[in-house]
Amino acid sequence: MSSPNIAPPLAGHVIGSINDAFVIAEWRDPGGPPGPPRLIALRHLHRTDDEEWYALEGALRVPVGKEEVEARAGSAVFVPRGTPHSYWNPGPGPVRYLLVITANIYRLIQEIHGMNERTPAALRAVFTRYDSELLEAQIICAVSQRCCPTTQDSWLNPR
């Protein structure tokens, strides 16, 4: 009997592709000082796609519509299509989580990664192409170092 192939760790990577029905990514956020939420993603919605988070370590705070849900390690949050949402790490320590998304959302994220200029107008146009809507683009300039960084520390650039 031959030895099985060993699957590589998922950490910082995705399983699935833009050609598959869904993608699972293991991402993390390092945490930071207390204060206002350090958004990993600005408030947005997907008209035709559901999205889900599963916290592996730490916690995520996910405003889902008018409710706010905190998912601690071992907990999951499901956001149905058409529901406004964002998410962030509410604590000073790191959070590690799985993000389960459709290939359409993954294509959206990939296009955002490839953008040279992330202005509110340009981001709105990209979201529209993927049947999604960025609801708070007007605050991007104020939080651009956190939500639209060029380093890998947010939803837009996972690690």
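Quick look at the values:
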read-out: Total residues in the range 107-130, condition touching a strand residue (DSSP E or B) at 6+ places or on another chain (Cβ under 7 Å) and modelled with pLDDT of 95 or more; value: 2
read-out: Selection from the range 61-74 of residues that are exposed (fewer than 15 other Cβ atoms within 10 Å of the Cβ) and either touching a residue at least 24 places away in the same chain (Cβ under 8 Å) or farther than 20 Å from LEU42 by Cβ (or both); value: ARG72, ALA73, GLY74
read-out: Output for the range 83-134, where each listed residue is of a type in the set (Ser, Thr, Tyr), farther than 22 Å from ILE24 by Cα and assigned to a loop (DSSP other than H, G, I, E, B); value: THR119
read-out: Set GLY58, GLY31: member being surrounded by fewer than 18 Cβ atoms within 10 Å (Cβ to Cβ) and either in contact with a helix residue (DSSP H, G or I) (Cβ under 7 Å, 6 or more places away or on another chain) or of a type outside the set (A, V, I, L, M) (or both); value: GLY31
read-out: Tabulated pairs, the range 40-57, first assigned to a loop (DSSP other than H, G, I, E, B), second surrounded by fewer than 21 Cβ atoms within 10 Å (Cβ to Cβ) and of a type in the set (Asp, Glu), C-beta under 9 angstrom, 6+ apart or interchain; value: ARG47/ASP131; ARG47/GLU133; THR48/ASP131; ASP49/ASP131
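The values are calculated or read from the model by the stated rules, or taken from the named source; none is laboratory data. Quantities reported herein were computed from a predicted structural model and do not represent experimental measurements. Counting neighbours? That spans all protein chains shown, and the Cβs are built from the backbone with ideal geometry, glycine included.
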